[in-house]
Amino acid sequence: VKPLRDKMFSLKGDLKLLWLEKNPNQEKIMAVQKEIRNLRDQMEDKRTTHQIAVLNILTPEQQAKYKQFCTRGGFGPGHGRGPGMMNR
């Protein structure tokens, strides 16, 4: 995941510079945003693959505990983050 994360960090810097231009280019900004979304999707796919792999090596009892942990804000959808500023 590190190469994807590094690329996303770099693209976010590029995006900031695009927005700081005197006349921001909408097409360039949207292209970088699309690339960032693509990287996020790839990271989410890797996260899902990892979680399934973990479940497959656990005993049924461990799977139950793992799933219980996931629904309390550990791993899984949301990854323990709250609603954020925009969803209050």
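The values are calculated or read from the model by the stated rules, or taken from the named source; none is laboratory data. Only a predicted model underlies this, so the values are computations on that prediction, with no experimental measurement involved. Glycine also receives a Cβ, built like all others from the backbone with ideal geometry; neighbour counts cover every protein chain displayed. Protein only, heavy atoms only, side chains kept; ligands, DNA and RNA dropped before computing areas. Shrake-Rupley method; radii C 1.70, N 1.55, O 1.52, S 1.80 Å.
Here is a list: K7, K22, K28. Which entry is open to solvent by 100 Å² or more (accessible area, probe 1.4 Å), not hydrophobic (A, V, I, L, M, F, W, C) and not in a loop (DSSP other than H, G, I, E, B)?
K28
Quick grid of which residues meet (1) within 14 Å of the chain's Cα centre (by Cα); (2) farther than 22 Å from V1 by Cβ; (3) at pLDDT 90 or above; (4) surrounded by 11 or more Cβ atoms within 10 Å (Cβ to Cβ):
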{"residue": "T48", "(1), (2), (3), (4)": "yes, no, yes, yes"}
{"residue": "A53", "(1), (2), (3), (4)": "no, no, yes, no"}
{"residue": "I57", "(1), (2), (3), (4)": "no, no, yes, no"}
{"residue": "P60", "(1), (2), (3), (4)": "no, yes, yes, no"}
{"residue": "Y66", "(1), (2), (3), (4)": "no, no, no, yes"}
{"residue": "G78", "(1), (2), (3), (4)": "yes, no, no, yes"}
{"residue": "P83", "(1), (2), (3), (4)": "no, yes, no, no"}
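Pairs under 8 Å by beta carbon, first residue closer than 30 Å to T49 by Cα in the range 1-30, partner open to solvent by 100 Å² or more (accessible area, probe 1.4 Å) and in a helix (DSSP H, G or I), six or more apart or different chains?
So the pair list comes out as V1/K46; L4/K46; M8/R40.
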